[in-house]
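Heads up, the thing below is written out as structure tokens.
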Protein chains: 2
Amino acid sequence: MLKAQIKVLLKQSVLDPQGQAVEKALGALGYNNVEKVRVGKYLEVTLAENDLDAANKQVQEMCERLLTNSVIEDYTFTLVEV
Amino acid sequence: MLKAQIKVLLKQSVLDPQGQAVEKALGALGYNNVEKVRVGKYLEVTLAENDLDAANKQVQEMCERLLTNSVIEDYTFTLVEV
């Protein structure tokens, strides 16, 4: 079986108010060296599939169709054996 | 500068209804080989800090204090140069 570890972030050009809120909160806690915070989603999808190429293609398709919004989000993923 | 890439997931023992919803939705789209889906948070925190050990300690502390809820969530992070 293969597990896809998918990271989804808003595109750089899209405002990230949640990230800004976290950034301010960290500053308020005394962390003055925080330059930037971006907040996104993380998904782990386990597939009953052993072929790396097939899994790669499928995860990409699932991201495009359901898991991410390609207008405002970017995603990257890695596949690991489980 | 160093960027922390932080992945946060609910602990295995905690119910993940969002993950279950995504799992069902993928099934409904015809992906019958999806075994399990977990949904969590992904954060990128950029620090004006070049010392790897100091950054490591700081990110861990920020995770414990603000970014994650250690009662129900697990986190892992990696530091990359930016």
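The values are calculated or read from the model by the stated rules, or taken from the named source; none is laboratory data. Bear in mind that the values here come from a model prediction, so they are computed numbers and not experimental data. Methodologically, a virtual Cβ is constructed for each residue, glycine included, from the backbone with ideal geometry; neighbour enumeration extends over all protein chains shown. Calculation scope for accessible area: heavy atoms of the full protein, side chains included, ligands and nucleic acids excluded. Shrake-Rupley method; radii C 1.70, N 1.55, O 1.52, S 1.80 Å.
Return a yes/no flag: does region B:41-54 have any residue that is part of a loop (DSSP other than H, G, I, E, B), within 8 Å of chain A (Cβ to nearest Cβ) and either farther than 30 Å from A:Gly30 by Cβ or open to solvent by 40 Å² or more (accessible area, probe 1.4 Å) (or both).
Yes, region B:41-54 contains a residue that is part of a loop (DSSP other than H, G, I, E, B), within 8 Å of chain A (Cβ to nearest Cβ) and either farther than 30 Å from A:Gly30 by Cβ or open to solvent by 40 Å² or more (accessible area, probe 1.4 Å) (or both).
Hey, does region A:8-26 have a residue that's touching a strand residue (DSSP E or B) at 6+ places or on another chain (Cβ under 8 Å) and within 30 Å of B:Asn32 (Cβ to Cβ)?
yes
Being at the interface with chain B (Cβ under 10 Å from one of its Cβ atoms) and open to solvent by 20 Å² or more (accessible area, probe 1.4 Å) is the filter here, so list the residues in region A:2-29 that pass it.
Result: A:Lys3, A:Gln5, A:Lys7, A:Leu9, A:Gln18, A:Val22, A:Glu23, A:Ala25, A:Ala28, A:Leu29.
Considering only residues of region A:20-40 that are among the charged types (D, E, K, R) and not in a strand (DSSP E or B), which is farthest from B:Tyr42 (Cα to Cα)?
A:Lys24
Of the residues A:Glu44, A:Glu64, only one is over 19 Å from A:Val80 (Cβ atoms), of a type in the set (Asp, Glu) and free of Cβ contacts under 8 Å to residues at least 60 places away in the same chain; which?
From the options A:Glu44, A:Glu64, the qualifying one is A:Glu64.
Would you check which residues across region A:59-79 are in a helix (DSSP H, G or I), within 17 Å of A:Leu10 (Cα to Cα) and open to solvent by less than 80 Å² (accessible area, probe 1.4 Å) and list them?
Hits for region A:59-79 are A:Cys63, A:Leu66, A:Leu67.
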